[in-house]
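The structure appears below as structure tokens.
The values are calculated or read from the model by the stated rules, or taken from the named source; none is laboratory data. Because the structure is predicted, anything quoted here is derived from the model rather than measured. Here the Cβ is made from the backbone with ideal geometry for all residues, glycine too, and neighbour counts use every protein chain on show.
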Amino acid sequence: MPELPEVETVRRTLNTLIPGKQIERVTVSLPRIIQRPDDPEQFALELQGHTFETVERRGKFLRFILDGLVMVSHLRMEGRYGVYRSDEPVEKHTHVIFHFTDGTELRYKDVRQFGTMHLFATGEELQSKPLVQLGLEPLDPQFTDEQFISVISKRRTMIKPVLLNQAYVVGIGNIYVDEALFRAGIHPETIASDLSREQLIRLHEAIVSTLSDAVAAGGSSIKSYVNGQGEMGMFQHSLRIYGRKAEPCQECGTLIEKTVVGGRGTHYCPVCQPLPARQKAMG
């Protein structure tokens, strides 16, 4: 599933491709992708004649800003956007096409068919589902260590599920949680409320640096992710813990282990990320 760095990369790419393009019509071939309004024909009709101005992001959601409308899109597992000439063949699993007046098209392809689109009047999207329930934005300048500590320090569950919960901090999925916890030297099963202030500050810094490095590399192409121009991300070549089960830790040489935490496959180094003694004794 695309995480924050991948969605941010898609956003940046689309911002070089679609601003200023006016929608002539919209074709929807898989109605369930359109979540708001309920009627896909109304969705298409409301967008007709409007112009894309910019693309923004909130967590893992894309916000397509038009003149008077905002479309909120979630890529889910394998959703992709691409810009094509109208005379280019339409690929299989292309479910929504925005036909532009200049003879090009923005096409949404989704093999798994889990993606969603919501349409709002400008401003309504931030006060409505799905965006209203989202937590802190980790690449926002206002994401301070104090803000992070206030949200995380009272949670009495394991830190990895806490970080995966989009109601607390948005955009961090399985890959980047493992990477950030490794950088911070924190075991993924550590109870969040047991973390010291120093550990939480270190974790805050690790989250920001991990996500920033991933964005700079264009994200991670672990499975099928590509940006809006069909290009793969490169951060997978810099992953230090995720996907490296039984490989030597780059810091200490100990073999990396894999377990399941909160239902998710989880990689960690037992030496660099020791489980707290109190939890180990209970364990």
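Looking at R12, is it part of a helix (DSSP H, G or I) and over 17 Å from V170 (Cβ atoms)?
yes
Right, V111: among the aliphatic types (A, V, I, L, M) and within 16 Å of the chain's Cα centre (by Cα) or not?
no
Spot the failing condition for Q133; the list is (1) polar (S, T, N, Q); (2) at pLDDT below 95; (3) surrounded by 14 or more Cβ atoms within 10 Å (Cβ to Cβ), and only one is missed.
(3)
Can you tell me which condition M77 does not meet? The list is (1) under 30 Å from Y168 (Cα atoms); (2) free of Cβ contacts under 8 Å to residues at least 40 places away in the same chain, and all the others hold.
Here M77 meets the rest and fails (2).
For F52, are the conditions met, namely being buried (at least 17 other Cβ atoms within 10 Å of the Cβ) and either assigned to a loop (DSSP other than H, G, I, E, B) or modelled with pLDDT of 95 or more (or both)?
yes
Output the number of the condition that I149 fails; it satisfies all remaining conditions of (1) in the same structural domain as L200 (by TED's automatic domain parsing); (2) in contact (Cβ under 8 Å) with a residue 40 or more places away in the chain; (3) under 21 Å from the mean Cα position of the chain (by Cα).
Single failed check for I149: (3).
Go through (1) among the charged types (D, E, K, R); (2) over 15 Å from the mean Cα position of the chain (by Cα); (3) at pLDDT below 95 for R264 and report which single condition fails.
If we test R264 against (1) among the charged types (D, E, K, R); (2) over 15 Å from the mean Cα position of the chain (by Cα); (3) at pLDDT below 95, just (3) comes out false.
Check region 15-23 and report whether any residue there is in a strand (DSSP E or B), touching a helix residue (DSSP H, G or I) at 6+ places or on another chain (Cβ under 6 Å) and under 21 Å from Q113 (Cβ atoms).
no
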